[in-house]
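**Student:** Have a look at the structure that comes next, please.
The values are calculated or read from the model by the stated rules, or taken from the named source; none is laboratory data. Predicted, not measured: the structure shown is a model, and the values here were computed from it. Note that we place each Cβ from the backbone using ideal geometry, even for glycine, and neighbour counts take in every protein chain shown. These accessible areas exclude ligands, DNA and RNA; they are computed on the full protein's heavy atoms, side chains included. Shrake-Rupley method; radii C 1.70, N 1.55, O 1.52, S 1.80 Å.
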Amino acid sequence: MVLAQDVDLMNPPKELEDRKHKLKRLVQSPNSFFMDVKCQGCFNITTVFSHSQTVVLCGSCSAVLCQPTGGKARLTEGCSFRAKQI
């Protein structure tokens, strides 16, 4: 009898692993990351932590790039980002 919840415990799907708590995954990994954020005004690229707890400003034009929330930082509208590779 095959159940809908049957998964290979040695090779679980990525979708199931992403939903689990960071310490309950098969290989522990953090939820946070660094990202390159492009300013919408001057197109300057700044490295920002995804869970930053302070307001991040652009180095050249002093525009607000992201604002802290309870968890992940909220990017300003018009800003684009790319997650950095480790």
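**Student:** How big is the accessible area of Leu75 in square angstrom, nearest 10, if you roll a 1.4 angstrom probe over the protein chains?
**Tutor:** Per-residue accessible area (Leu75): approximately 50 Å².
**Student:** So, one more: First compute the accessible area of the chain with a 1.4 Å probe, then give the percent of it belonging to carbon and sulfur atoms.
**Tutor:** That share works out to 56 percent.
**Student:** Give me the one-decimal nm value for the distance between modelled label points at Arg19 and Ser62, 7 Å along each residue's Cα-to-Cβ direction.
**Tutor:** 4.7 nm
**Student:** Moving on. How long are the three semi-axes of the equivalent ellipsoid of the chain, in whole Å, if each is the root of 5 times an eigenvalue of the C-alpha gyration tensor, listed from largest down?
**Tutor:** So the three semi-axes of the chain are 36, 12, 11 Å.
**Student:** Here's a follow-up. Please state the relative contact order of the chain as a whole percent: Cα pairs under 8 Å, 6+ residues apart?
**Tutor:** For the chain, the relative contact order is 23 percent.
**Student:** Then there's this: Hey, got a sec? Which trypsin sites (Lys or Arg not before Pro) in the range 24-86 land in a DSSP loop and have at most 16 other Cβ atoms within 10 Å?
**Tutor:** Lys24, Arg25, Lys72, Lys84
**Student:** Please list, ordered by chain and number, the residues whose modelled amide H lies under 5 Å from the amide H of Phe33; skip anything fewer than 5 residues away on the same chain.
**Tutor:** Long-range HN contacts for Phe33: Ser50, His51.
**Student:** What ranking of Val48, Val55, Val27 comes out by heavy-atom accessible area, probe 1.4 Å, highest first?
**Tutor:** Ranking Val48, Val55, Val27 by accessible area, largest first, yields Val27, Val55, Val48.
**Student:** Another question, if that's okay. Which residues does the label zone of Arg82 cover in the range 45-76, counting backbone N under 12 Å from a point 7 Å along Cα→Cβ?
**Tutor:** Taking a point 7 Å out along Cα→Cβ of Arg82, the residues of the range 45-76 whose backbone N falls under 12 Å are 45-46.
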